[in-house]
Amino acid sequence: MNAQPVEPIEPAAHTGFESVADVIDQFTDQGYLADERLATTVFLQAHLDKPVLLEGPAGVGKTQLAKSLAAVTGRKLLRLQCYEGQDETTALYEWDYGRQLLYTQLMREKIGSLVADTPDLASAVDAIAAEESAFFSERFLAPRPLLEAIRSEEPVVLLIDEVDRADEALEAVLLELLAEYQVSVPELGTFTAVHLPYVILTSNNSRDLSAALKRRCLHLFLDYPDAERELEIIRSKKTGLADELARQLVDIVRGLRELDLRKAPSISETVDWARTLAVLGAEELTAETLSATANVVVKYDRDLKRTLEALPRLVDPNADLDQDHEHGHGHGHSHGDHSHENGKQNGHANGQEIGQGEPDGAAVRRSKDLPGRHDEAYYGTGSMGPARKVSADQGARAFASRRRPF
Ligand SMILES: Nc1ncnc2c1ncn2[C@@H]1O[C@H](COP(=O)(O)OP(=O)(O)OP(=O)(O)O)[C@@H](O)[C@H]1O
Ligand SMILES: [Mg+2]
C-alpha cells in the first residue's frame, strides 16, 4: 500500500467574521437575513472549526444558508445531496473503473510480457498483483464531495444536505470526516484536510440522527422566522407587493401554518404568493383573491380544502363572530365546526383559554410569537412524520464493501 503522507491540519485561519453583528451584515449583503441565533452559530462555526447541523421544517433557509455562506466567504460550495440507500461511492470516492479498463486495454502487450515467463496461473496472478498499486493510485481515484472537500487546494463550504434521508451507515462514514477532517482510502492512506472546510449539515427530521453525529456539530433548530423577519425577507425579494399587503399576507401565512396541514407553507411559498398577488395587481387581500391563488402555497388537495375554509377567518378574525351573530345561535365556540376547532386548538396549545366574548383570531395572532408552541402536525406529516426505522438490510447496502474492478 502506498501510504499518502499525512498533512498537518492548519490552525484556525482568519475567519473573516469580526462579530455576530458582522455575520448578520455580511449575510444581509448577500440577501440572506439571519437572526441573532443563526448568526451566532455561524460565528462560532468559523471560530471553533465545528460543523453546523441545521434541523427544521422545509423551506426555512437551511440549504440557502450554506449557499450564502459560500457567497459571503468567497469559498467554493461542494454539495452532497443525501438519499436513501446511498453508499460511500457517491459520498466519498470510487475507483474510476472505465479508466482502469482503458489503461489495461492499451497496455495489453506490456501486461502480457509481465506474465509471459510465469510457469502457471498462480504465479501469473502474483505477478499482476505486484503491480496492483499502479491501478489503485490517485490517477484512478474519482473523488466524491466528501473527499473532494478534504483534498481541495482552496478552502470550501461543504453542504451535506438532508442527511436524515441517508441510512445510518452513511452517518458512520461522516463521523470520521467530521471529527478528524480526514478520509481514509485503504489503498492510498489517509487524506487530511489542508484547509478546514466549513461544513453544514441539514436535516428535515424524518428520523433521529445519531447522538455521535449531533455531538460533533453545533446544533441549531431553524424554525419559521417571526413575522417581522419574514416581512423583511419578502421585502428583500422585491416581490412588488405593497408593504401593507405583504404584512397582512405574512400574518395569513402564519395562520395557515397553525392549521393541521400536511405541508405547511414555507418562506419561499410566502414569497411566491406575494409575487403572484403583485402580478395580479391585488390592491387588497380578500378571502376571494387569496382563495383563487391559494394553490401557490398549498400543494395537497386536503390542505387546500382546509386552507379555503380557514381563509375568511384569517383575513378577518372577526368573521366567525359576525357569522355567529348573523346566525343568531349565540353559543360562540361550542358548535365545533372546523375553523372553530382550530381556534380552540391554538388557544389550548399556548395555555390560553379563549374567552367566550374574545375574538379568537386576535389571540391566535398574539400566540404565534411564543416559542415552543407547535405540536408535530405543525411541520406537516410529509417531512416531519414519525421516525423512520432503518432496516439492517439498508444498513448492509450502504456498508457494502467497495467493489474492486479486478
Ligand atoms: N433568512 C432568509 N433570508 C432570505 N431568504 C430566505 C431566508 N430563509 C429562506 N429564504 C428563502 O427561502 C428559500 C427556501 O430556502 P431553502 O431551500 O434553503 O429551504 P430549506 O430549509 O433547505 O428547505 P428544504 O428542507 O425543503 O430543503 C430560499 O431559496 C430563500 O429564497
Ligand atoms: Mg434544503
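Values quoted throughout were computed directly from the atomic coordinates according to the rules given, and no laboratory measurement underlies them. Computed from a predicted model, the values in this text were never measured in an experiment. Cβ: placed from backbone, ideal geometry, glycine included. Neighbour counts: every protein chain shown.
Hey, rough spin-label estimate for ASP208 and THR89, points 7 angstrom out along Cα→Cβ, what's it come to in nanometres?
3.3 nm
Roughly speaking, what is the stretch gain from ARG235 to TYR97, that is 0.36 nm per residue apart minus the C-alpha to C-alpha distance, in nm to one decimal?
Gain in length upon complete extension: 44.6 nm.
From the phi of every residue in segment 115-121, what ³J(HN,Hα) in whole Hz does the Karplus formula 6.51 cos²θ - 1.76 cosθ + 1.60 yield, where θ is phi - 60° and glycine or proline is x?
Per residue, the Karplus-derived 3J(HN,Hα) values read 9, 4, 8, 7, x, 9, 4 Hz.
Give, in nm to one decimal, the length gained when the segment between LEU114 and VAL279 is fully stretched (0.36 nm per residue of separation minus the Cα-Cα distance).
Here the answer is 52.1 nm.
Counting Lys +1, Arg +1, Asp -1, Glu -1, what net charge surrounds PRO143 among other residues with beta carbon under 13 Å of its beta carbon?
Charge balance in the 13 Å sphere: -3.
Please find the FRET efficiency linking LEU121 to ALA142, where r is the Cβ-Cβ separation and R0 is fixed at 22 Å, and quote it to the nearest 0.05.
0.10
Could you compute the FRET efficiency for GLU153 and ALA242, with r as their C-beta to C-beta distance and R0 at 51 Å, rounded to 0.05?
Once rounded, the FRET efficiency stands at 0.55.
Given points 7 Å out from each Cα along the Cα-Cβ axis, report the GLN30 to LYS305 separation in nanometres with one decimal.
Simple spin-label model gives 4.4 nm for this pair.
Would you kindly calculate the mean projected area, averaged across all directions, of the convex hull enclosing the Cα atoms of segment 95-139, in square nanometres?
Computed as one quarter of the Cα hull surface, the answer is 3.2 nm².
Could you tally the net charge around LEU80, taking each other residue with its Cβ under 15 Å from the Cβ of LEU80, Lys/Arg +1 and Asp/Glu -1?
-4
For the cross-link pairs LYS50/LYS76; LYS238/LYS299; LYS76/LYS238; LYS237/LYS263; LYS76/LYS237; LYS237/LYS305, which exceed 21 Å when the distance is taken from alpha carbon to alpha carbon?
Beyond 21 Å between Cα atoms: LYS238/LYS299; LYS76/LYS238; LYS237/LYS263; LYS76/LYS237; LYS237/LYS305.
List the residues whose amide H sits under 5 Å from the amide H of LEU159, counting only those 5 or more places along or on another chain, with H placed 1.01 Å from N in the peptide plane.
LEU78, ARG79, LEU80, ILE200
Extending each Cα 7 Å along its Cβ direction at GLU288 and ALA129, get the distance between those two points in nm, one decimal.
Spacing of the two 7 Å Cα→Cβ label points: 8.3 nm.
Read phi for every residue in segment 193-209 and hand back ³J(HN,Hα) as whole Hz from Karplus 6.51 cos²θ - 1.76 cosθ + 1.60, θ = phi - 60°, with x for Gly and Pro.
Couplings: 4, 7, 10, 5, x, 7, 9, 10, 9, 10, 8, 9, 6, 6, 8, 6, 7 Hz.
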